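Chemist: Got a structure for you, questions after.
The values are calculated or read from the model by the stated rules, or taken from the named source; none is laboratory data. As the structure is a prediction and not an experimental result, all values here were calculated from the model. Using ideal geometry, Cβ is built from the backbone for each residue, glycine included, and neighbour counts are taken over all protein chains shown.
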Amino acid sequence: MRLSAKRFCENFTESAQAIMELKVELFEKEMAEALMTFEKYVVCLDKTPEQCREALGSLMAKAIKAYQNRGANLRHGIALDQYTTVMISQSEGDRPLCGIYFNLYTPYRKPAEKAKKA
């Protein structure tokens, strides 16, 4: 089904307005839940809960920027560091979805063995 030029412009304007309103504060609930999980379950030798909170805010801002600047056929904005991945995903509703993942990592992991040459 083809959209008329007028309807296309209206859809584009609505989408652009929704994107422009994205701010880190919009995802405070998700960040608070992730921080509670971090404090309760995640043992991280390199970050305190306060450092995690700061990093999460920074990653959220980067993910929002990536989401706003994504290509036409892409649905996600992703930002990550060594310990955390933040993903903002396009949804059918007014608000994009937000996923916060703690990466499985251990500083004690031995490097993978190099492939043996035959």
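Chemist: Could we say that Gly77 is of a type in the set (Gly, Ala, Ser), at pLDDT 85 or above, within 27 Å of Val42 (Cβ to Cβ) and not in a helix (DSSP H, G or I) here?
Modeler: When the stated conditions are applied, Gly77 passes them.
Chemist: On to the next question. Kindly indicate which of Tyr83, Tyr67 is in contact with a helix residue (DSSP H, G or I) (Cβ under 8 Å, 6 or more places away or on another chain), closer than 24 Å to Glu21 by Cβ and touching a residue at least 24 places away in the same chain (Cβ under 8 Å).
Modeler: Just one listed residue meets the conditions, Tyr67.
Chemist: Looking at Ala18, Ala34, Ala61 in this structure, which one is among the small types (Gly, Ala, Ser), outside any loop (DSSP other than H, G, I, E, B), modelled with pLDDT under 90 and within 16 Å of the chain's Cα centre (by Cα)? Let's see the steps before the verdict.
Modeler: Numbers: Ala18 fails: within 16 Å of the chain's Cα centre (by Cα); Ala61 fails: modelled with pLDDT under 90.
Being among the small types (Gly, Ala, Ser), outside any loop (DSSP other than H, G, I, E, B), modelled with pLDDT under 90 and within 16 Å of the chain's Cα centre (by Cα) holds for just one of Ala18, Ala34, Ala61, which is Ala34.
Chemist: Shifting gears a bit: Kindly provide the set of residues from segment 64-74 that are part of a helix (DSSP H, G or I) and of a type in the set (Lys, Arg), ordered by number.
Modeler: If the condition is that a residue be part of a helix (DSSP H, G or I) and of a type in the set (Lys, Arg), then Lys65 is the only one that fits.
Chemist: Restricting the search to segment 49-105, which residues are loosely packed, with under 13 Cβ neighbours inside 10 Å and hydroxyl-bearing (Ser, Thr, Tyr)?
Modeler: Ser91, Tyr101, Tyr105
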